[in-house]
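The values are calculated or read from the model by the stated rules, or taken from the named source; none is laboratory data. What you see is a predicted model; the values in this text were computed from it and never measured. Don't worry about glycine lacking a Cβ; one is built from the backbone with ideal geometry, like all the others, and counts go over all protein chains shown. To get the accessible areas, we keep the full protein, side chains included, count just its heavy atoms, and leave off ligands, DNA and RNA. Shrake-Rupley method; radii C 1.70, N 1.55, O 1.52, S 1.80 Å.
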Amino acid sequence: MKPEQALLKQLPAVDRILRAAPLAALAERVPHRILLEAAQQTVESLRRAILQGIEAIDPAQLEIDRVATTAAAKAEAKMLPNLRPVINATGTLLHTNLGRAPLSEAALAAMAAVSRGYSNLEFDLESGERGHRYAHIEELVCRLTGAEAATVVNNNAGAVLLALTALAKGREAIVSRGELVEIGGAFRVPDVMAAGGVALREVGTTNKTHLRDYREAIGEATGLLLKVHTSNYRIVGFSSAVPAAELVTLGREHGLLVMEDLGSGMLLDLTEFGLPREPTVAETVAAGVDVVTFSGDKLLGGPQAGLIVGRAGAIEKIRRHPMARAMRSDKLTLAALEATLRHYLDRTEAVREIPVLRMLAASATEIEARCQSLASRLAANLGEQARITVIPEPSAVGGGALPLTELRGFAVALSPRGLTVSDLAARLRRARTPVVGRIQEDRLLLNPRTLAPGEENDLLRIVTEASKPGSEAQ
Ligand SMILES: *Cc1c(COP(=O)(O)O)cnc(C)c1O
């Protein structure tokens, strides 16, 4: 008999594996089909390994307890939700791949409260008649932005598409060449306009656009004047753009609506935290812009949503457009959005309760202290297994907001011994609660700015486990 055949004969049968203690212990909690699949896959991968002879198989690996333990780990992994929490140690606040803005406690509670049972989503409690789902947030948004009216859709890309279609379909929107933004993925201003049936009329040049460029382009076909906030890049140097207020004056002269896509859309002036001066939504509304759109899950710090605020007539047109129904926000979003917006009624409360604002506001000194504590605890756990230092490391806001802004801060730099930094990062991604840091050369940077309160202990445990040679993090 060939050695492979001898090994294949030793492979335990699937039903024996299922009866073995490690899998039997899971039977109550894990559906049978998952256990079966895990056992079959474990046997199958061992069989393949034997036949391919890639690794010399140690017969001890084929013992029933070893095989069943591997299968049990596989079954446990299958029980984890696919979409699950991740610890963001990148320091990037609005990490689109990691779900952008974390929500406040009040926003989470509001979602649970309205979805556990029924709610007055479209029921007017005063009259007992049918109500409007956006009424719950409209007054609040108007109070915070000074707008006459407001509505919400699924995200800001949808808000821009819907507003353009509802207000300028079949006509032209005049846009500066310096503002033809690509946000990432499929969102490019020219493409969105095409999809909305609005013809693009580019004016000016990449670096300079003047008011006269807009004026000269206005004609029979003009539907609206569009301004797009260059949220993810900046044109610096010999450049100029037309301020919203001047565009508004021009629009008024010609009876044209002016729309601005603000992208992130800040409700507060955050310059005191070292952020650059950006127009807030209220300032843009005050400048007379008729329709303003912005995201719910960027610097606003709420759920994914696209807010549209502005003149009552324009908002009504947008709300009545058939496409609005296809972009309708659900009750979970509206509940979280209302709770998030309520924080903004008090600036101090907003900065304390909204995670994105709290993380923005954290000072470099505070981040350094958190790094020192994390570093000394990690060093105590890992001893010779890693070299740990605290280094200056700026944070990015991310999510296409404030591209040139670097928040001064620090990170823990960890160089593992006995495994490569990319192996360590891979182990951290495979942990039950994955940890995502930033790899810089041969070290892993862990930035506490984006950790939730109390997340340090989990991070410490998972990183300690993963840094030990030969172990896998749990
Ligand atoms: C982010 C962004 C969008 C898209 O917003 P989403 O809420 O992600 O759909 C559109 N326009 C600008 C200028 C942006 O910055």
For ILE87, distant residues with modelled amide H under 5 Å away: VAL435, VAL436
In segment 189-263, what chymotrypsin sites (Phe, Trp or Tyr not before Pro) fall in a loop by DSSP, with at most 10 other Cβ atoms inside 10 Å? PHE238
If contacts are Cα pairs under 8 angstrom and at least 6 residues apart, what is the relative contact order of the chain in percent? 18
Site HIS132, offset 7 angstrom along Cα→Cβ, radius 16 Å on amide nitrogen, limited to segment 261-282, gives none
What is the sum of charges around LEU378, taking Lys and Arg as +1, Asp and Glu as -1, for the other residues whose C-beta is under 14 Å from the C-beta of LEU378? +3
Counting only the heavy atoms of the protein chains, how much of ARG66 is accessible to a 1.4 Å probe, in Å² to the nearest 10? 120
Kyte-Doolittle mean at least 0.0 and Cα extent at least 20 Å along the axis: which DSSP H helices of the chain qualify? 64-79, 364-382
Segment 105-353, dipole about Cα centre (Lys/Arg Cβ +1, Asp/Glu Cβ -1), debye to the nearest 20: 500
Within 10 Å, count the other beta carbons around each residue, average over each peptide in 417-429, 335-347, and list them highest first. 335-347, 417-429
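Based on the inverse mean of 1/r over its pairs of different Cα atoms, what is the Kirkwood hydrodynamic radius of segment 3-79, in Å?
Details: mean 1/r = 0.0805 Å⁻¹.
It works out to 12.4 Å.
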Just add up the charged neighbours of LYS331: K/R +1, D/E -1, any other residue whose Cβ is under 13 Å from the Cβ of LYS331. 0
Helical mean residue ellipticity (222 nm; -39500 (n - 2.57) per DSSP H run of 4+; nearest 500) of the chain: -13000 deg cm²/dmol
Shape descriptor, segment 105-353: equivalent ellipsoid semi-axes (Cα gyration tensor, sqrt 5λ, whole Å, largest first) stand at 31, 21, 15
If you keep only loop residues by DSSP, which GluC sites (Glu not before Pro) in segment 393-472 have at most 13 other Cβ atoms within 10 Å of their Cβ? GLU441, GLU472
Tell me the accessible surface of THR205 in square angstrom (1.4 angstrom probe, heavy atoms of protein chains only), to the nearest ten. 70
So if each residue of separation counts as 0.36 nm, and I subtract the Cα-Cα distance between ARG48 and ARG177, what length gain in nm does that give? 40.6 nm
Spin-label point model (7 Å from Cα, Cβ direction): what's the ARG84 to LEU200 distance in nm? 4.2
If amide hydrogens are placed 1.01 Å from N in the peptide plane, which non-local residues have theirs closer than 5 Å to the one on ALA149? GLY310, ALA312
Per residue, the convex hull volume that the Cα atoms of segment 361-427 enclose (Å³): 106
In the calculated pair distance distribution of the chain, what percentage of Cα-Cα distances lie above 41 Å? 36
Percent antiparallel among DSSP beta bridges (both partners in segment 105-353, rounded to 5): 40
So if R0 is 30 Å, what FRET efficiency would PHE273 and ALA245 give, r being the distance between their Cβ atoms, rounded to the nearest 0.05? 0.70
Simple SL model, points at 7 angstrom along Cα→Cβ for MET323 and THR365; separation in nm is 5.1
Checking rank on 326-332, 275-281, 396-402, with mean other Cβ inside 10 Å and highest first, the result is 396-402, 275-281, 326-332
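Test of the criteria: in segment 199-241, which GluC sites (Glu not before Pro) are in a DSSP loop and have at most 14 other Cβ atoms within 10 angstrom of their Cβ?
GLU220
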Counting only DSSP beta bridges with both partners in the chain, the antiparallel fraction in percent, to the nearest 5, comes to 60
Sort out for me the Cα centre separation of segment 58-135 from segment 335-360, rounded to whole Å. 21
Provide the net charge surrounding ALA194, with neighbours chosen by a C-beta distance below 15 Å and charges set as Lys +1, Arg +1, Asp -1, Glu -1. 0
Which value in nm describes the separation of the simple spin-label points at ALA286 and VAL236, placed 7 Å from the Cα toward the beta carbon? 2.8
